[in-house]
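Inspection log for the structure reproduced underneath, given as structure tokens.
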Amino acid sequence: MKKDKTHIKFVLFFGLCLSAFNSYSQDLKTYIDEAISNSPEIQKVQFQYDIAAEKVNEANWLPNTEISAGYFVSEPETRTGAQRARFSVKQMLPWFGTISARENYATSMADAQFVEITIAKRKLVLSVSQFYYLLYEIRAKQEVLDKNIELLQTYERLALTSLEVGKASAVDILRLQIRQNELRQEKEVLQQQNKGIQAAMNSLLNREYDKDISVVSALEIPEVDNPYSYQSLSVNPELLKFDKLYESVAQSELLNQRESSPMFGFGLDYIPVSERPEMNFMDNGKDIVMPMVSISIPIFNKRYKSISKQNELRKEEIQSQKQERLNVLKADLSKAISQRNQSKIKFDTQTKNLKQAQDAEEILIKNYETGTIDFNDVLDIQELQLKFQMNQIESIKTYYQQSTIINYLTN
């Protein structure tokens, strides 16, 4: 039941992580599914859980059965005859409930390891999503650069026409060409960045590093954000892990109490006896069968008291670790919320600025019709438009990356 709840939490996180982007992220969902299916990291953690789960079966054990045999080199004589050998069998049994305590402890350790699977999957979803939006940013910027290069080529043709009628200089044309070269350089740099990010994402998908990854061509910032709550941090698997570890320490202490109790033993001794010759009496040569009961008491052993003290300290340590991690998660959530809100503000501002830059561009074009175009102003406006467009793309990327972090922390 505990494992089912943890799995349900991951499914909810996975769904919420994609629901915010369901209009655009069909490709992202495909990559996330592929990463979870192929990830060696997930497989490693799964194997670790399988090992921990198998230890539940290992816990159901008893001390080794002791079997011994001895032969009398010099046969001792008794009234009923000479003893020839001695055979013994002995079995020690733990105190009542010790085996159940072992199984409960092993189960609690397996539950803690199962949470690690959920954490590993969530972190993988987060990493794949972050790389995906980085690729979106790079390719969206490349597209903007292509359009700006085309725009500068249009301006260059206008400048050539103006040069023929003496309304522009060769310097204007050279400046337009230099600007195009700079944009082409930016595009080539972005292409190299694209290769690096694509290789990193392919490594998460466990496939060839140079395999192409497709991303959506356009993303928009929604008007309404998905709800979030600081209270939901309390059920984050990274904190749930500490609860499971605390429970395992509690089970360890119960096991320690059982193991500090006495152990009972049952056994049997068998001694074959030879008949006394030329004598006839009852029990002549009768073999000896001796049932035995034993008890093992840890009188002079401080080990169990020390283990109890260690368990108490371990509980306090886990509580401190949980509080420390909760503080970190709260700080991460606050930072992600702040950066997401900042990205929306920046996007709205850049949208307004871009509209005004486009209006200025229209004025310049109209001035060209009257023969008064200034190509210095053309370049300034073009640079402003490019800056605003790039900032818009960065804001969109930041919004979705921070939304993914918020979903990771709160769902």
Suppose the filter is closer than 28 Å to residue 326 by Cα, free of Cβ contacts under 8 Å to residues at least 60 places away in the same chain and not small (Gly, Ala, Ser); does residue 253 pass it? yes
Exception for residue 212 within (1) more than 29 Å from residue 385 (Cβ to Cβ); (2) surrounded by 15 or more Cβ atoms within 10 Å (Cβ to Cβ) falls at (2)
Kindly check whether there is at least one residue in the stretch 97-120 that is surrounded by fewer than 18 Cβ atoms within 10 Å (Cβ to Cβ), at pLDDT 90 or above and not in a helix (DSSP H, G or I). yes
Scope the stretch 199-231; condition among the hydrophobic types (A, V, I, L, M, F, W, C), farther than 29 Å from residue 322 by Cα and part of a helix (DSSP H, G or I); matching residues: 199, 200, 201, 205
If the requirement is being touching a Gly at 6+ places or on another chain (Cβ under 9 Å) and farther than 30 Å from residue 396 by Cα, which of these qualifies: 289, 293, 249? 293
Could you pull out the residue among 396, 373, 363 that is under 38 Å from the mean Cα position of the chain (by Cα) and at negative phi? 396
Going through 327, 341 one at a time, which residue ends up being under 28 Å from the mean Cα position of the chain (by Cα) and under 30 Å from residue 112 (Cβ atoms)? 327
If we ask which residues in the stretch 155-181 are assigned to a helix (DSSP H, G or I) and surrounded by 13 or more Cβ atoms within 10 Å (Cβ to Cβ), their number turns out to be 14
Within the bounds of the stretch 318-340, is there any residue that is within 30 Å of residue 95 (Cα to Cα) and in a helix (DSSP H, G or I)? yes
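Yes/no per residue for (1) touching a helix residue (DSSP H, G or I) at 6+ places or on another chain (Cβ under 8 Å); (2) not aliphatic (A, V, I, L, M):
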| position | (1), (2) |
| --- | --- |
| 160 | yes, no |
| 169 | yes, yes |
| 180 | yes, yes |
| 187 | yes, yes |
| 193 | yes, yes |
| 196 | no, yes |
| 204 | yes, no |
| 207 | yes, yes |
Residues of the stretch 232-280 being part of a loop (DSSP other than H, G, I, E, B) and either on the phi > 0 side of the Ramachandran plot or basic (Lys, Arg) (or both), which ones? 276, 278
In the stretch 333-366, the residues that are touching a residue at least 60 places away in the same chain (Cβ under 8 Å) and out of contact with any helix residue (DSSP H, G or I) (no Cβ under 6 Å at 6 or more places or on another chain): 337, 344
Counting just the residues of the stretch 23-71 that are within 30 Å of residue 267 (Cβ to Cβ) and of a type in the set (Gly, Ala, Ser), which one comes out farthest from the chain's Cα centre (by Cα)? 70
Selection over the stretch 263-295 where residues are at pLDDT 90 or above, surrounded by fewer than 14 Cβ atoms within 10 Å (Cβ to Cβ) and not aromatic (Phe, Trp, Tyr) yields a count of 8
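The values are calculated or read from the model by the stated rules, or taken from the named source; none is laboratory data. Please read these numbers as outputs of a predicted model, since none were measured by experiment. Cβ sites come from the backbone with ideal geometry, for glycine too, and all protein chains shown count toward neighbours.
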